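Undergrad: Please read through the structure below; I'll follow up with questions.
The values are calculated or read from the model by the stated rules, or taken from the named source; none is laboratory data. Predicted, not measured: the structure shown is a model, and the values here were computed from it. Virtual Cβ from ideal backbone geometry, glycine too; neighbours counted across all protein chains shown. When the accessible area is computed, the model is the full protein with side chains, heavy atoms only, and any ligands, DNA or RNA have been set aside. Shrake-Rupley method; radii C 1.70, N 1.55, O 1.52, S 1.80 Å.
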Amino acid sequence: MMVPAALLLLGALAAVVAPRLLARADWPDREPVVALWAWQCVVAAVLLCCALSMTLSAAAAWVAVRGHVFAPAPHSVVDAYALSTGSPWAATTAVALACGAAWTAAMLVREVLRARARHRRSRAELLVRAPLLPGEEPGSDRLVVLEGERPDAWWLPGAAPRLVITTAALRRLEGRRLDAVLAHEQGHARARHDWLLHCSAALAVGFPQVPVFAAFRDEMHRLVELAADDMASRRFGRLTFALALVELNEDRGVFGPGPTPAAQVRERVHRLLTPPERLTAARRLRLTAAATLVPAIPLLVALVPGLSALG
């Protein structure tokens with residue numbers, strides 16, 4: 001039972017230390033795409049620690065499970081894990097972690113179903129506000145213009161995705177600024193940011209007492225916007241997109257002196273106007289490789305006894 005316990009300790013350590021290291025680092029705002037990958041690797045490592053610990057605990061508690069897990073392995077490998085000695089906590093740990101896994105899957109399914117319901121309602125409302133013209137085929141155009149007094153633009157994901165923009169936004173934005181806003185929303189669609197938001201929301205709602213999942217959700221919402229900002233600014237320029245953001249949000253009190261729920265927009269505009277220096281390609285590659293290795297650590301811890309026995 002030493003390996004399952006070590007995996008749980010490793011998962012707890014990763015859940016506590018990794019978010020703090022990422023919060024103190026200065027490079028996530030400079031390289032949001034790399035930061036998105038790093039956060040996904042950290043959360044994957046935490047979940048992998050729990051999954052491997054559950055599997056080995058179940059193998060220690062029940063002979064039938066052990067036979068399936070170690071079916072092709074020689075006896076020396078099974079002996080290296082000392083599973084036959086058993087533990088009074090093995091079955092409890094396995095059941096608790098299995099319940100956590102089932103709860104995680106249930107929360108993810110619920111989040112996906114809720115998102116689909118929201119999209120259906122949005123599409124129904126869209127069809128009411130922008131009905132099809134005679135002879136127009138459903139799904140024939142990905143851009144939908146809505147009559148509205150509030151300037152806004154958003155991407156509606158789904159089987160037939162739509163890019164929605166209001167007439168107020170068309171009146172306020174002109175030329176390259178409008179193109180930059182559309183490129184921002186298309187950046188969300190190309191990177192499938194909606195799936196990242198669904199997964200992070202499911203974990204945060206399912207396990208509200210686990211800080212790493214709440215931080216994961218908050219950072220996903222922030223970093224996907226920064227990543228899409230960078231996609232748009234690389235095509236149309238930082239100043240152009242910053243002015244477009246200002247024009248879209250100037251009537252919402254975002255740029256007032258006090259804190260507002262949409263204060264993130266103000267921070268994004270400041271980042272665009274005073275761009276931080278990007279990391280070198282070599283450092284980006286090192287950070288990406290280091291993040292990729294994080295989920296490999298639990299696998300290495302789980303395999304060390306077996307590999308040592310074979311060696």
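Undergrad: Which residues, counting only those in the stretch 184-207, are in contact with a Leu (Cβ under 6 Å, 6 or more places away or on another chain) and either part of a loop (DSSP other than H, G, I, E, B) or over 20 Å from Arg268 (Cβ atoms) (or both)? Give the derivation first.
TA: Step one: of the stretch 184-207, the residues in contact with a Leu (Cβ under 6 Å, 6 or more places away or on another chain) are 185, 202.
Selection gives Ala202 alone.
For (1) open to solvent by less than 30 Å² (accessible area, probe 1.4 Å); (2) over 31 Å from the mean Cα position of the chain (by Cα); (3) under 25 Å from Leu8 (Cβ atoms), each residue gets a yes or a no:
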| site | (1), (2), (3) |
| --- | --- |
| Val43 | yes, no, yes |
| Val46 | yes, no, yes |
| Ser53 | yes, no, yes |
| Val65 | no, yes, yes |
| Ala73 | no, yes, yes |
| Ala94 | yes, no, yes |
| Leu108 | no, no, yes |
| Ala115 | yes, no, no |
| His119 | no, no, no |
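Undergrad: Could you identify the single residue in Val77, Val109 that is β-branched (Val, Ile, Thr) and either modelled with pLDDT of 80 or more or at positive phi (or both)?
TA: Selected residue: Val109, the only one of Val77, Val109 that is β-branched (Val, Ile, Thr) and either modelled with pLDDT of 80 or more or at positive phi (or both).
Undergrad: Could I ask something else about it? Just name the residue that is nearest to the chain's Cα centre (by Cα) out of those in the stretch 208-249 that are without any contact (Cβ under 8 Å) to a residue 24 or more places away in the chain and part of a loop (DSSP other than H, G, I, E, B).
TA: So the residue we want is Pro208.
Undergrad: If Thr288 satisfies every condition in (1) open to solvent by less than 80 Å² (accessible area, probe 1.4 Å); (2) modelled with pLDDT under 95; (3) not aromatic (Phe, Trp, Tyr) but one, which is the exception?
TA: (2)
Undergrad: Quick check on this structure: which one of Ala38, Ala90 is open to solvent by less than 60 Å² (accessible area, probe 1.4 Å) and either over 23 Å from Ala289 (Cα atoms) or of a type in the set (S, T, N, Q) (or both)?
TA: The unique qualifying residue is Ala90.
Undergrad: Which numbered condition in (1) more than 15 Å from the chain's Cα centre (by Cα); (2) hydrophobic (A, V, I, L, M, F, W, C); (3) more than 22 Å from Asp152 (Cβ to Cβ) is the only one that Trp195 fails?
TA: Only one criterion is unmet by Trp195, namely (1).
Undergrad: In the list Leu22, Leu13, Leu8, which residue meets the criterion of being open to solvent by 50 Å² or more (accessible area, probe 1.4 Å), under 22 Å from Gln209 (Cα atoms) and touching a residue at least 40 places away in the same chain (Cβ under 8 Å)?
TA: Leu8
Undergrad: A follow-up question, please. Given the conditions (1) in contact with a helix residue (DSSP H, G or I) (Cβ under 9 Å, 6 or more places away or on another chain); (2) open to solvent by 20 Å² or more (accessible area, probe 1.4 Å); (3) at pLDDT below 85; (4) assigned to a loop (DSSP other than H, G, I, E, B), which single one is not true for Val254?
TA: Here Val254 meets the rest and fails (2).
Undergrad: Could you list, in sequence order, the residues of the stretch 141-175 that are outside any loop (DSSP other than H, G, I, E, B), within 25 Å of Arg116 (Cβ to Cβ) and more than 29 Å from the chain's Cα centre (by Cα)?
TA: Listed by number, the residues that qualify are Val145, Leu146.
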